[in-house]
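Peer 1: My questions all concern the structure below.
The values are calculated or read from the model by the stated rules, or taken from the named source; none is laboratory data. Note that the structure is a prediction, hence the values are computed from the model and not measured. Quick reminder, even Gly has a Cβ in these numbers, built from the backbone with ideal geometry, and neighbours come from all protein chains shown.
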Amino acid sequence: MESVWIDLLVVFLKIIVILAVALGVGAYLTWVERKVAAHIQRRPGPMVVGWHGLLQPIADGLKLITKEDLFPRYGNRFLYNLALVLALVPATLVFAVVPFGPEFEVFGYKVKPILTDVNVGILLVFGLGSLAVYAIALAGWASNSKYPLIGSMRKAGVIISYEVAITFAVMGPLILAGTLSTYEIVQSQIEQKLWYVWVQPIAFVVYMFSLLAETGRIPFDIQEAEAELVTGFTVEYGGMKFGIFPLVEWYIEVLTLSAIGVVLFLGGWSPINIPFVGFVDPLFFLGPLSPYVWFLLKVTALFLFILWLHWTLPRYRIDQITEIAWKVMLPLALFNIVITSIIAPLIW
Amino acid sequence: MVKRMVSKPLSWIERLLFIDFIKGLSVTIRHAFSRTITTHYPYEKLTPPKRFRGFFGHKVVDGNEPQPAFDEWVERFNIQVEYGKSRCVVCMLCKRACPVPQLFEIEGKKLENGKRVVSVFNMNLMLCTFCGFCVDACPVDCLFQSDIHETASYTRRDSILDLETLEKIGRDWQMRREHEPDRIWIDDEQREKLWHENDLRLPEPEARGRHEW
Amino acid sequence: MPWAKEKDFIDLKERFSGLEIKELENSTSLHIEKGKLIELLSILKEEKGYKLFLDHSVVDLKEVLEKEKDWRSLTSSGLVAFPEDRSSRFQAFYILYNVEERKKVIVKTRTDGTLPSIEKLWFAGKWAEREAYDMFGIRYEGHDNLVRAFLWETYPYFPLRKDFPLEGIPEMDLPSLNEVFLGDPLEGTMNYERKHTLVPTLEDLEITEKKRLKKKAQIVLNWGPLHPGTHGTMWFLFDLEGERIVQCDVILGQLHRGVEKLAENEMYNQFLVYTDRMDYISALCSNQAWVVAVERMLGIEDLVPEKAKYIRTMMSELQRINSHLLWLGTYALDLGAITIFLYAFKEREKIMDIIEGITGARLTISYPRVGGVRMDLPEGALEVIKAFIRRFPKELSDWERILTRNRIWLRRNKEVGVLTPEEAYYFGATGPVIRGSGIPYDVRKFEPYDAYGEVEFDVPVGEIGDCYDRYLVRIEEMRQSVRIIEQCVKKLEKLPKDAPFFAEVPKERKVKLTLDGIGLKVPVGEIYSSGENPRGELGFYILSTGGTKPYRVKIRPPSFYNLSAYPHLMRNRVVADAVAILASIDPVVGETDR
């Protein structure tokens, strides 16, 4: 009986920590993005509010919260607000299955730094990921306006196409790991002394493309497309309601999918990998903190890479995006599965 | 000569290895680690070049009038010249040259000694296009355009320059910038930020003195 | 001068009985009756090779008909078709160009209110006719959809007619404009009028919209008037089937200021100010085109000092780079490559610095003057320009590394918005648009003005006329501009420092030429003179009755006619292509609307 209480307490603590980290980091990623974009474009970026604009996200948040709440005439208020919830909740829920590091002991009690190590973790990720399409479709529909409608239809089309590609893409690592649990996947990569990106480059490329498409980052940001659709489905949202969508799409989702990408392909919290030989840890002096730092570093690197892409490339057209999904990405992913499932049993 | 622009399709190697993306990414990363070029307005400000066409002003009589034009016009219109006051001779040429003449409101008055002097000179800058035709037309180098460009105000009234304001701007200008050489711009730190990568070395100004147009 | 000669049309005299051919100093015109107009135009197009439609508009002769002196001077110089006809109030003119033989001709006819439509011959004519209908109330027979080009459908007046007052007719109360707190601080002379000229209501706009487009598909998307993708205040109507555009039309006029009406009431030099505000991104080129037109009319083109010519050429090439940089930035921005926008603006800022230092203004420059330029170059100007052009090609190839071979860029631009050469003529396209279609039509080469005849440069042309070709052409044009600037700088360095920069006209010519242009009289005559703007051929048709103000100025706005191809290019494309095609045409609203 006592252990149940302790379990609950631990879970509760984990939830608080993860939520605080996810939302706080999500907000501060706006600052990171603005700084990165600015320096790529030879500007200093936010500089006025706080040291190098560090308080800018708070100022922005305050501004957005104090803005008037506008609502389009003849819109559907219930669905309009529901879309927000549907956008925010599934995106943050994904953090439940992100393993941040290896198991450790506190007062003789074993703690896994993952909220729930369910053995269908990856399935949960993509299940929740595809819920995002509801949020966007509802947001577009409930706004009763033409631009949001077009934007949301575009986004729905993209998500549906890339949901398929991404699911098949992660099949490769899953076959190699032989499990759906995120924690176990990292463990098996450590045991096999192999980051799966080395043997699954195709899957990784497909995964990255799908990540960009699902989160609406350039070159796939057609649902926003400020030049054509003036930020698409968020046109009729104002104040913090408007702020939530990009926050979720561009930061929290990118963060979760990068984390999952790190788990699947880059060995989670493991240090630098030499294929089939072992791991080299230049950060050994950090002791037990080293895995967390590694995980953080990898996610940050992936995030920065995505930003780098975002601020370099132009964007595709909707038909080209779906065309790539069905004609290039899906066959590639399927091919990858076939190859993997033929070769993997031979080696392992 | 006609130059045909041709484009060949991407090769397979470029496609497979994402060479095109890598090229672009290399450019952006190089820029990301270069110096920023922006001016941090309003904390830092550029100095406008001397030729800048900003707010108007009246130069005042200080002994540097263009001669003999000034004396001729003073004689022609029988103007009372007063040291430290506007050089205006009420010839109305600025109003004639202006594409929107309604913006000028110029009146002269007769003094007791029979001479004339400008009494009203209002410019409604809400109508102004800042083209500088009036400056070209001014025969006595009185009306000019200063480097004042931060002109936002709370009321429409502030956009009407009256004689007093014009003279004030003029005196200020004659003190600050009148004697600068006619140079494309003054090197300052802010401009240096932008032009740093161009290795620009402006030659030292040749002659100091008034420049006329 | 690149005008057709009388002998070119001798054979037409037999086929058309009433045809008159007038070869004047600055123009060659064919006078034809209204009934035979279409026949003559189609022969000129099919047989004589005058395929490129430049301009069409109308002159209201009301004031001339009323003033005997003006009428006599106009008719005696052969500027009016059929001078015996004193009842027809309007004179229509069509300006055509023969690209192969590099010849222009004006076709003139008289009318009192109706004209046959040339829509079948040149689509651009459809837009020109809409404009003439809007401004003069000319009815066009056989026109597909005769609506007002700029003003709203229920507007009761025709503003370019001579009996419409310059200030407009104040008849509307707009209380919000006159609302003031604490009394009126501007009580007195310098104030806005209490009554306002007509302003469209929402119902008016709805009628306007409905008249443009009959809905065929699912939804009509109002793309604009205020939309970041439209590069200004343009109002597009897309009839959408899904995301596919079934039909499309453009409602212009949100920025209409009546520049042509203003031109009739301004002195020649003062009108410079308005040319600044037409194509506000390439103000200097517009200035130059206007100034050259007036100089040609005065016949003092060869009196303009060499220094002024080279300065003008150099500055307008700088302006061309400036304008193309804005195009590149917004084009990339529209297609999602936001960073290029900032890079382009970085270089643009440098050009702005240069222009600001030389002329005193960044955007509305008004630097050239009839007879020269306003001021000599300041100290250090040439050094700065040299420093700029030394670095600029490097930056340009940087951007090309990001875009030109990028697979996304290629897919977004290749085979999108294809304009074939025949279509380019049909839509009256000029500038990079027609060059993208493979026709090397460049006014700088075909009809050199200022120092363009003396500098070397290439004219880039595209292959098939898609967005990608137009992109390549504009990028190459920037390189060529750098070449021209280099040559100009070299020449200017050789010229002595105190060389004149303003023309001195001998006394016997009786041309009063001053910097401010007060009292400059232009002899009776007409001219169509054009300059190569970054967006295409900016032409000025000027009709003078010998006063200080022109009688009629028709501006040929390049982006107006380039834009007329837009509905055609948009057919069966998706919304995402709308931005790509629009940005590759690169219209500027200040110019389309004037």
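Peer 1: Please enumerate the residues belonging to the range C:330-346 that are more than 26 Å from the chain's Cα centre (by Cα) and more than 8 Å from chain A (Cβ to nearest Cβ).
Peer 2: To start, the set of residues in the range C:330-346 that are more than 26 Å from the chain's Cα centre (by Cα) comprises C:335-340, C:342-343, C:346.
Residue satisfying the conditions is C:340 alone.
Peer 1: What is the one condition in (1) within 27 Å of residue B:34 (Cβ to Cβ); (2) of a type in the set (D, E, K, R); (3) loosely packed, with under 15 Cβ neighbours inside 10 Å that residue A:33 does not satisfy?
Peer 2: The number of the failed condition is (3).
Peer 1: Would you please name the residue that is surrounded by the most Cβ atoms within 10 Å (Cβ to Cβ), looking only at residues in the range B:63-122 that are over 21 Å from residue C:270 (Cβ atoms) and touching a Pro at 6+ places or on another chain (Cβ under 7 Å)?
Peer 2: Looking at the filtered set, the residue picked out is B:73.
Peer 1: Do you know which residues across the range B:97-155 are of a type in the set (A, V, I, L, M), within 10 Å of chain C (Cβ to nearest Cβ) and in contact with a strand residue (DSSP E or B) (Cβ under 7 Å, 6 or more places away or on another chain)?
Peer 2: The initial filter retains those residues of the range B:97-155 that are of a type in the set (A, V, I, L, M), namely B:97, B:100, B:103, B:106, B:111, B:117-118, B:120, B:123, B:125-127, B:135, B:137, B:140, B:143, B:148, B:152.
Adding the requirement that they be within 10 Å of chain C (Cβ to nearest Cβ) leaves B:97, B:100, B:103, B:123, B:126-127, B:135, B:137.
Within the range B:97-155, B:103, B:123, B:135 qualify.
Peer 1: Which one of these does residue C:498 not meet: (1) within 14 Å of chain B (Cβ to nearest Cβ); (2) in contact with a helix residue (DSSP H, G or I) (Cβ under 8 Å, 6 or more places away or on another chain); (3) not hydrophobic (A, V, I, L, M, F, W, C)?
Peer 2: So residue C:498 meets the others, but not (2).
Peer 1: Something else now. Quick check on my filter: what residues within the range C:12-36 are more than 26 Å from residue C:447 (Cβ to Cβ) and in a helix (DSSP H, G or I)?
Peer 2: Those that are more than 26 Å from residue C:447 (Cβ to Cβ) and in a helix (DSSP H, G or I): C:13, C:14, C:15, C:34, C:35, C:36.
Peer 1: If I ask for residues that are assigned to a loop (DSSP other than H, G, I, E, B) and away from chain B (no Cβ under 14 Å), which ones from the range C:419-451 would you list? Show your work before the answer.
Peer 2: Step one: filter the range C:419-451 for residues assigned to a loop (DSSP other than H, G, I, E, B), giving C:419-420, C:427-431, C:437-442, C:447-449.
Correct list: C:419, C:420, C:427, C:428, C:429, C:430, C:431, C:447, C:449.
Peer 1: Would you be able to say whether some residue in the range C:386-407 is crowded, with 23+ Cβ neighbours inside 10 Å, facing another protein chain (nearest Cβ under 9 Å) and farther than 30 Å from residue C:576 by Cβ?
Peer 2: no
Peer 1: Going through the range A:29-79 one residue at a time, which ones are charged (D, E, K, R) and not in a helix (DSSP H, G or I)? Quick ask: steps written out before the conclusion?
Peer 2: Here is the first cut: in the range A:29-79, the ones charged (D, E, K, R) are A:33-35, A:42-43, A:60, A:63, A:67-69, A:73, A:77.
A:42, A:43, A:67, A:68, A:69, A:73 - these are the residues of the range A:29-79 that are charged (D, E, K, R) and not in a helix (DSSP H, G or I).
Peer 1: Which one of these is under 26 Å from residue C:393 (Cα atoms) and out of contact with any Pro (no Cβ under 7 Å at 6 or more places or on another chain): C:455, C:459, C:505, C:482? Working first, answer last.
Peer 2: Values: C:459 fails: out of contact with any Pro (no Cβ under 7 Å at 6 or more places or on another chain); C:505 fails: under 26 Å from residue C:393 (Cα atoms); C:482 fails: out of contact with any Pro (no Cβ under 7 Å at 6 or more places or on another chain).
Unique residue meeting the criteria: C:455.
Peer 1: What residue, of A:291, A:314, is touching a Pro at 6+ places or on another chain (Cβ under 7 Å), under 30 Å from residue A:18 (Cβ atoms) and not polar (S, T, N, Q)?
Peer 2: Numbers: A:314 fails: under 30 Å from residue A:18 (Cβ atoms).
One residue alone meets the criteria, A:291.
Peer 1: Can I ask one more? Quick one: in the range B:1-14, which of the residues that are loosely packed, with under 12 Cβ neighbours inside 10 Å and of a type in the set (Val, Ile, Thr) is farthest from the other protein chains (Cβ to nearest Cβ)?
Peer 2: Here the residue is B:13.
Each row is one residue, and each column tells you yes or no for (1) in contact with a Cys (Cβ under 8 Å, 6 or more places away or on another chain); (2) closer than 23 Å to residue C:547 by Cα; (3) crowded, with 20+ Cβ neighbours inside 10 Å.
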{"position": "C:269", "(1), (2), (3)": "no, yes, yes"}
{"position": "C:273", "(1), (2), (3)": "yes, yes, yes"}
{"position": "C:319", "(1), (2), (3)": "yes, no, yes"}
{"position": "C:334", "(1), (2), (3)": "no, no, yes"}
{"position": "C:344", "(1), (2), (3)": "no, no, yes"}
{"position": "C:350", "(1), (2), (3)": "no, no, yes"}
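Peer 1: Please determine whether any residue of the range B:15-34 is in a helix (DSSP H, G or I), of a type in the set (A, V, I, L, M, F, W, C), loosely packed, with under 13 Cβ neighbours inside 10 Å and modelled with pLDDT under 85.
Peer 2: Yes: one or more hits.
Peer 1: Sticking with this one: Take the residues in the range B:181-205 that are surrounded by fewer than 16 Cβ atoms within 10 Å (Cβ to Cβ) and in contact (Cβ under 8 Å) with a residue 24 or more places away in the chain, then tell me which one is nearest to the other protein chains (Cβ to nearest Cβ). Steps first, answer last, please.
Peer 2: Within the range B:181-205, the subset surrounded by fewer than 16 Cβ atoms within 10 Å (Cβ to Cβ) is B:187-189, B:192, B:196, B:199, B:201, B:203-205.
Checking which are in contact (Cβ under 8 Å) with a residue 24 or more places away in the chain leaves us with B:188-189, B:196, B:205.
Numbers: B:188: 12, B:189: 14, B:196: 11, B:205: 6 Å.
By that ranking, first place goes to B:205.
Peer 1: Looking at the structure I just gave you, is residue C:412 surrounded by fewer than 21 Cβ atoms within 10 Å (Cβ to Cβ), on the phi < 0 side of the Ramachandran plot and either within 7 Å of another protein chain (Cβ to nearest Cβ) or assigned to a loop (DSSP other than H, G, I, E, B) (or both)?
Peer 2: Numbers: surrounded by fewer than 21 Cβ atoms within 10 Å (Cβ to Cβ): no; on the phi < 0 side of the Ramachandran plot: yes; either within 7 Å of another protein chain (Cβ to nearest Cβ) or assigned to a loop (DSSP other than H, G, I, E, B) (or both): yes.
Criteria not met by residue C:412.
Peer 1: Residues that are of a type in the set (Gly, Ala, Ser) and crowded, with 21+ Cβ neighbours inside 10 Å: does the range A:262-269 have at least one? Talk me through it step by step, then tell me what you get.
Peer 2: We begin by selecting, within the range A:262-269, every residue of a type in the set (Gly, Ala, Ser); these are A:267-268.
Remaining after also requiring crowded, with 21+ Cβ neighbours inside 10 Å: A:267-268.
Taking every residue of the range A:262-269 in turn, at least one turns out to be of a type in the set (Gly, Ala, Ser) and crowded, with 21+ Cβ neighbours inside 10 Å.
Peer 1: While we're looking at this one, here's another question. All but one of (1) part of a loop (DSSP other than H, G, I, E, B); (2) in contact with a helix residue (DSSP H, G or I) (Cβ under 7 Å, 6 or more places away or on another chain); (3) closer than 24 Å to residue C:454 by Cα hold for residue C:278; state the number of the condition that does not hold.
Peer 2: Against the list (1) part of a loop (DSSP other than H, G, I, E, B); (2) in contact with a helix residue (DSSP H, G or I) (Cβ under 7 Å, 6 or more places away or on another chain); (3) closer than 24 Å to residue C:454 by Cα, residue C:278 comes up short only on (3).
Peer 1: Something else: Out of the range B:16-39, which residues are charged (D, E, K, R) and facing chain C (nearest Cβ under 7 Å)? Reasoning before the result, please.
Peer 2: Of the range B:16-39, the ones charged (D, E, K, R) are B:20, B:23, B:30, B:35.
Those that are charged (D, E, K, R) and facing chain C (nearest Cβ under 7 Å): B:20, B:23.
Peer 1: Kindly check whether there is at least one residue in the range C:552-575 that is within 14 Å of another protein chain (Cβ to nearest Cβ), farther than 22 Å from residue C:425 by Cβ and in a helix (DSSP H, G or I).
Peer 2: yes
Peer 1: Can you tell me which residue within the range C:293-322, out of those that are aliphatic (A, V, I, L, M) and touching a Ser or Thr at 6+ places or on another chain (Cβ under 6 Å), is farthest from residue C:477 (Cα to Cα)? Before the answer, list the steps.
Peer 2: Let us first name the residues in the range C:293-322 that are aliphatic (A, V, I, L, M), namely C:293-294, C:297-298, C:300, C:303-304, C:308, C:311, C:314-315, C:318, C:321.
This time we only want the ones that are touching a Ser or Thr at 6+ places or on another chain (Cβ under 6 Å), so: C:293, C:321.
Working: C:293: 24, C:321: 8 Å.
The qualifying residue farthest from residue C:477 (Cα to Cα) is C:293.
Peer 1: Kindly evaluate residue A:323 against the criterion of being closer than 28 Å to residue A:25 by Cβ and of a type in the set (Asp, Glu). Working first, answer last.
Peer 2: Numbers: closer than 28 Å to residue A:25 by Cβ: no; of a type in the set (Asp, Glu): yes.
For residue A:323, the condition - closer than 28 Å to residue A:25 by Cβ and of a type in the set (Asp, Glu) - is not met.
Peer 1: May I pose another question? The conditions are (1) in contact (Cβ under 8 Å) with a residue 12 or more places away in the chain; (2) of a type in the set (A, V, I, L, M); (3) within 14 Å of chain C (Cβ to nearest Cβ), and residue A:38 fails exactly one of them. Which is it?
Peer 2: (1)
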